[in-house]
Amino acid sequence: MIRIYHNNRCSKSRATLALLEGRDVEVVNYLDTPPDAAELGRLLELLGLSARQLLRTGEDAYRQLGLADPSMGDEALVAAMAAHPILIERPIVVANGKAVIGRPPEAVLAIL
């Protein structure tokens, strides 16, 4: 089973989903069904990233919440992403016990 954390308004997310066509894919529209802090923690572990590396720094919420503050730890950043899922970099694809961000979309092919 392949899971994609998808935002239909994102061209990279749509392109990644198109690459997965014909496969058994669970689509999680994460803006409607955001991952909680525990799930984000698991995704970060699979991705091998820090919480800061998963943040979308160009979003208004990033500035409004003061997330550029380097003293904010992973726990606070994960809580911000759980509360404001627009801050999560996308798309995230999970397959075969691994995860990758689909930027570029072809990056997901490495874990299939």
- Message: Can you give me the C-alpha center-to-center distance between region 31-62 and region 69-109, rounded to a whole angstrom?
- Response: 4
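Counting only helical runs of four or more DSSP H residues, what would the 222 nm mean residue ellipticity of the chain come to if each run contributes -39,500 (n - 2.57) and the total is spread over all its residues?
-9000 deg cm²/dmol
Starting from 0.36 nm per residue, how many nanometres of slack lie between Asp74 and Asp60 once their C-alpha separation is accounted for?
3.1 nm
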- Task: Report the FRET efficiency, 1/(1 + (r/R0)^6), for Leu109 and Val27, where r is their Cβ-Cβ distance and R0 is 22 Å, rounded to 0.05.
- Result: 0.80
- Given (1) 13.5, 44; (2) 14.2, 51; (3) 28.2, 90 as candidate values of Rg and Dmax of the Cα atoms in Å, which corresponds to the one derived from the coordinates? (1)
- Note on the structure: Assertion target for Ser13, Ser50, Ser71, ordered by fewest C-beta neighbours within 10 angstrom first, is Ser71, Ser50, Ser13
- Query: Are there GluC sites (Glu not before Pro) in region 19-58 that DSSP marks as loop and that have at most 15 other Cβ atoms within 10 Å, and which are they?
  - Reply: Glu21
- Amide N of region 78-112 lying under 15 Å from the label point, which is placed 7 angstrom from the Cα of Arg14 along Cα→Cβ: 91, 105
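Dipole size in debye (nearest 20) for region 9-112 around its Cα centre, Lys and Arg Cβ +1, Asp and Glu Cβ -1?
About 340 debye.
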- Task: Positive end of the charge dipole of the chain (Lys, Arg +1 and Asp, Glu -1 on Cβ, about the Cα centre): tell me which of Pro34, Ile2, Val78 has its Cα farthest that way.
- Result: Ile2
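We did not get these values from a lab; they are worked out from the coordinates using the rules stated. These numbers come from a predicted model, not from an experiment. Positions of Cβ are backbone-derived with ideal geometry, glycine not excepted, and every protein chain shown enters the neighbour counts.
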